[in-house]
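Accompanying notes for the structure given below.
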Amino acid sequence: MAFGTRVALDPVREIAFGDVGATYSPVGTPLGDHARLIRFVSTLDAEVYLSLDGSTDQIRLAANSFFLLDLSANKVRDDGLFLGVGTQIYIQRVSGAPTSGNAWIEVMYAEGGK
């Protein structure tokens, strides 16, 4: 009987409103494993951009919202999409600076690696 792959969670990566500026800032540490599911959450009162390279606006996240990226959470074997080990996630404001709230990232991966 196959049971699939056990999920593991990374520590939450978080950034406060005062650290979200006009240029990209890293959110926490780079990924320590191949990310299968990532949830970006914002309680900021302003829109932000997220980036995987620190220079390209790749995801626009509305104020007080979240974005779920399910790359391969339902895969039982080593197939599907992943964000690679060492990927750093960055954030910057879209226009006006946020005056309250936080943004954070929750990451799930397969225990024992990809």
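Annotations for the structure displayed:
- Values [x] 1.02; [y] 1.05; [z] 0.99 are given for comparison; Rg/Rh (Cα atoms, Kirkwood Rh), derived from the coordinates here, is the one labelled [x].
- Couplings 3J(HN,Hα) of the range 8-18, computed from phi: 10, 10, 7, x, 5, 9, 9, 9, 8, 3, x Hz, in residue order, whole Hz [Karplus 6.51 cos²θ - 1.76 cosθ + 1.60, θ = phi - 60°; x for Gly and Pro].
- Averaged over residues, the count of other Cβ atoms within 10 Å places the peptides 95-103, 44-52 in the sequence 44-52, 95-103, highest first.
- Amide H contacts of residue 59 (H built 1.01 Å from N, under 5 Å, at least 5 apart or other chain): 50
- Relative contact order for the chain, counting Cα pairs under 8 Å that sit 6 or more residues apart, in percent: 46
Any read-out appearing in this document is the output of simple, stated calculations on the displayed coordinates, not a laboratory observation. Model, not experiment: these values are computed from the prediction. We place every Cβ from the backbone using ideal geometry, glycine too, and count neighbours over all the protein chains shown.
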